[in-house]
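Here is the structure we will look at.
The values are calculated or read from the model by the stated rules, or taken from the named source; none is laboratory data. Fair warning: this is a prediction, and the values are worked out from it, not measured in the lab. Here Cβ is always computed from backbone atoms with ideal geometry, including for glycine, and neighbour counts include all displayed protein chains.
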Amino acid sequence: MPTTTHFDNLTADGIQLPEPASIADSEISRKFWEVIAGLAKHRVYLDQTDHLDDRALYAKLWHELLREETPAVGEIGFNTQVPLLMNGSSEDLTLYLKHYAGEKAREFWRRDWPDVHIPLHEDPPYNRDLMLPAAEYAGQAVSGHTTPKVRLLWS
């Protein structure tokens with residue numbers, strides 16, 4: 001199966017992706033939302049972003065997510081939901097448990113992984129996820145903190 005990167009897809013669409021440090025503070029939010037709209041055009045949707053400010057999130061996208069190889073399947077209608085905290089690192093797990101996990105998920109971790117420290121819940125410092133574009137399946141948006149995340153393979 002052929003592969004591509006989201007970076008290549010966005011630049012092919014004419015979206016300029018400058019190095020994060022080169023973007024002025026006054027422009028970073030505009031650039032971030034341009035990238036989000038471009039990803040949505042390719043049916044790529046982000047989640048679990050509220051713990052990062054716009055600059056840190058753009059940098060994470062620029063250095064990591066946009067550079068990863070991904071199947072070139074956009075033309076056949078796949079949606080891809082990308083929770084930013086799913087790389088399996090202990091740091092990501094801690095952030096997930098702290099900011100995003102509901103009580104059922106926290107209880108699961110307490111019961112099945114008793115050696116894992118469960119931090120006290122804190123609301124994330126930003127409230128962006130509910131404003132992000134979301135995939136639709138059967139006419140219902142898949143977004144926000146209440147809907148379980150899945151990688152949708154059709155639409």
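Tally the residues that are surrounded by fewer than 17 Cβ atoms within 10 Å (Cβ to Cβ) and either of a type in the set (Lys, Arg) or at pLDDT below 90 (or both), restricting the search to the stretch 42-68. Full working, then the answer.
The initial filter retains those residues of the stretch 42-68 that are surrounded by fewer than 17 Cβ atoms within 10 Å (Cβ to Cβ), namely 53, 55-56, 60, 63-64, 67-68.
Now drop any that are not either of a type in the set (Lys, Arg) or at pLDDT below 90 (or both), which leaves 55, 60, 67.
The number of residues fulfilling the criteria is 3.
Per the listing 120, 95, the residue uniquely surrounded by 11 or more Cβ atoms within 10 Å (Cβ to Cβ) and either at pLDDT 90 or above or over 30 Å from residue 25 (Cβ atoms) (or both) is 95. Can you confirm whether residue 36 is of a type outside the set (S, T, N, Q) and free of Cβ contacts under 8 Å to residues at least 40 places away in the same chain? When the stated conditions are applied, residue 36 does not pass them. For residue 97, state whether it is touching a Ser or Thr at 6+ places or on another chain (Cβ under 7 Å) and farther than 21 Å from residue 131 by Cα. It is false that residue 97 is touching a Ser or Thr at 6+ places or on another chain (Cβ under 7 Å) and farther than 21 Å from residue 131 by Cα. Answer yes or no as to whether residue 57 is among the aliphatic types (A, V, I, L, M), in contact (Cβ under 8 Å) with a residue 24 or more places away in the chain and at negative phi. Yes: the conditions hold for residue 57. Can you list residue pairs whose Cβ atoms sit under 6 Å apart, with the first residue in the stretch 126-145 being closer than 23 Å to residue 53 by Cα and surrounded by fewer than 18 Cβ atoms within 10 Å (Cβ to Cβ) and the second being modelled with pLDDT of 80 or more and of a type in the set (Gly, Ala, Ser)? Count only pairs 6 or more apart in sequence or on different chains. Here the result reads 133/40, each pair linking the stretch 126-145 to a residue that is modelled with pLDDT of 80 or more and of a type in the set (Gly, Ala, Ser).
Rundown of residues vs (1) surrounded by 14 or more Cβ atoms within 10 Å (Cβ to Cβ); (2) over 15 Å from residue 128 (Cα atoms); (3) more than 12 Å from the chain's Cα centre (by Cα), yes/no style:
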residue	(1), (2), (3)
22	no, yes, yes
33	yes, no, yes
73	yes, yes, yes
86	yes, yes, no
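Here residue 1 meets each of (1) touching a residue at least 60 places away in the same chain (Cβ under 8 Å); (2) over 27 Å from residue 100 (Cα atoms); (3) touching a Lys or Arg at 6+ places or on another chain (Cβ under 6 Å) with one exception, condition (3). Taken across the stretch 79-89, residues that are out of contact with any Pro (no Cβ under 8 Å at 6 or more places or on another chain), polar (S, T, N, Q) and either more than 30 Å from residue 136 (Cβ to Cβ) or modelled with pLDDT of 95 or more (or both) do occur, with at least one present.
Of the residues that make up the stretch 140-148, is at least one at pLDDT 95 or above and closer than 23 Å to residue 31 by Cα? Let's see the steps before the verdict.
First pass over the stretch 140-148, keeping only residues at pLDDT 95 or above: none.
No, the stretch 140-148 contains no residue that is at pLDDT 95 or above and closer than 23 Å to residue 31 by Cα.
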